């Protein structure tokens, strides 16, 4: 039994293997590895671009949120200013209405007082006339 193989038959068997290996390398494996490397490179670039876009989007979102917060604060300030002005106008209108109502009430009280005095005078006169008529009828003579 021989441990060392014979070189010629070994070369005859190895040459077709090497030719097949080189052909497969050139036809299949080399383009496949290039494709996988390109795909990996494109994936890394896409991830880097996505990271950059996310950073830009976060920065824009922070800017938009800051502008929204500033707009809300400005709107709240405008509302507070408008509310204060409206309350001042309301207070002025209420004061004017109260003054007008007080003037009307005072005028009405004055008129009622005058009418009461006139009615009291009329009633006194009618009471005196009625008393004279009753006394004349009861006594049968003029007083």
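Each value in this text was obtained by applying a stated rule to the coordinates, not by laboratory testing. No experiment lies behind these values; they were computed from the predicted model shown. Note that we place each Cβ from the backbone using ideal geometry, even for glycine, and neighbour counts take in every protein chain shown.
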Between residue 139 and residue 8, what length comes free when the chain is fully extended (0.36 nm per residue of separation minus the Cα-Cα distance, one decimal in nm)? 29.1 nm
Whole-percent tail of the Cα-Cα distance distribution for the chain, cut at 25 Å, equals 78 percent
Label-to-label distance, nm, for residues given as residue 47 and residue 22 (7 Å Cα→Cβ offset): 3.8 nm
Per the Kirkwood formula over distinct C-alpha pairs, the hydrodynamic radius of region 85-143 in angstrom is 15.3 Å
At what distance in nm do the modelled label points of residue 85 and residue 123 sit from each other, each positioned 7 Å from its Cα along Cα→Cβ? 5.6 nm
